[in-house]
Amino acid sequence: MDINKMIARVKAILLTPKTEWPVIAAEPATVPDLYKNWIAILAAIPPVAGFIKGSIIGTSFLGVTYRAGMGAGITGAIVGYALALAMAYVMALIIDALAPSFGGEKNPVQALKTVAYAWTASWVAGAAQIVPIIGWLVALAGAIYGIYLLYLGLPHTMKAPQDKAAGYTAVSVIIAIVLGWICGLVVAGIIGTGAMMGAGAGGVRLGDAGGNVTIDADSALGKLAAAGQKMEAASKRLEAAQKSGDADAQAKAMGAVMGAALGGGDQVEALSPDLLKPFVPATLAGLARTDFSAEKNGALGMQVSEAHATYSDDASGRSLRLEVTDMGSAKGLMAMAGWAALQQERETEHGYEKTYKVDGRLVHEEWNNQDKHGEYGIVLGDRFSVKLSGEAESMDQLKAAMASVNLAGLEALKAQGVKEG
């Protein structure tokens, strides 16, 4: 990659986008080239800046400066980077699928160009995180300018008529916001930040003898590419619905496209709260359930169900929290952690944290000897997350408490509500 050429392109897309988009649209490109020469480089700016700010410079408030641990900071940066790579690809699939609905032409490479160059403003502005007070304003400005870049680019890259570019942009931005929400749930809902290390780029091999890039079909990225192929049927239904003029059919078709993108090629109906409730027992580890809630949330056809319960004993002061989550429409992203066969092990002065696989399940443990607090999480069927956290004598005690939850019964429901794409 010619760094001077890259800097010139960044300046051009930010300062003269109206004349730069036609040039970008006409350039020959491939998905691997766009990742290797643009996305993989610029997407690293926000997580690196965040690490510098959070772990080196620190955040000051009322004369006190807080700095995150170096290990936690590095892990957070890697997680952010992995998610940026994955989100760019998924968002490109969605923009490509939406093209016919707004009079455009489907072209997966042009769709990835659209995402890569429209998101440039946000990635570059991410460097401002290290600047006190005004840093977040610069980052916000970058995100807003990115929306403008998207609006200018869609008519050139996706051949969308100018009078439909605003609607195309609005729908794409809404989906991007929802996608960001879903990814946040994936990170929090799986097993913690460490488990996502490397998920975004797994399976990519750069620079073979012919200078080509290949993607392992069994890798996380390979699986994501296969899911993209399954989206064809969903996008065709969306195109047909658009032509029919039926608003309800269009809404359902849009949900099908989103579900196919995030569900690993499948459409998924998340379990109802009533179906999750049996997996939250009335007592756990000798403690009575003192609080319970269950809900199902959805947007644009995507759904996530959650059940939470607190178990406590006033006499002993002990408290445990159980969280059962059905990632539903986002099970495809959740499965990426499993496909990548991720492992992590870290020890500290007061405890440890590790991620591993056992019997095909992704497991996360975190323990602090100082305050006798731990977290034990497990992923079932690449769809359900079960986490137990709180005070205990040891991690073994938390594991024993988790064993009283009907994990096998929950895992047996992994295919319920799934419609293959």
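The values are calculated or read from the model by the stated rules, or taken from the named source; none is laboratory data. On a predicted model such as this, the values are computed, not experimentally measured, just so you know. We place every Cβ from the backbone using ideal geometry, glycine too, and count neighbours over all the protein chains shown. Side chains are part of the model used for accessible areas, which takes the heavy atoms of the whole protein and leaves out ligands, DNA and RNA. Shrake-Rupley method; radii C 1.70, N 1.55, O 1.52, S 1.80 Å.
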**Prompt:** Do any residues in the range 344-356 that are exposed (fewer than 14 other Cβ atoms within 10 Å of the Cβ) have Cβ atoms under 7 Å from those of residues that are part of a loop (DSSP other than H, G, I, E, B) and modelled with pLDDT of 85 or more, where the two are at least six apart or on different chains, and which pairs are they?
**Reply:** His350/Asn369; His350/Gln370
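Residues that are touching an Asp or Glu at 6+ places or on another chain (Cβ under 8 Å): find the helices (runs of 4 or more DSSP H) completely inside the range 1-49 holding 3 or more of those. Working first, answer last.
Working: elements: 3-15, 17-26, 31-34.
Qualifying helices (runs of 4 or more DSSP H): 3-15.
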**Message:** Is it the case, given these coordinates, that Leu137 is farther than 21 Å from Val23 by Cα, at pLDDT below 85 and open to solvent by 50 Å² or more (accessible area, probe 1.4 Å)?
**Reply:** yes
**Message:** I want to confirm something. Restricting to the range 1-22 and keeping residues that are farther than 14 Å from Leu149 by Cβ and aliphatic (A, V, I, L, M), which single residue is most open to solvent (accessible area, probe 1.4 Å)?
**Reply:** Met1
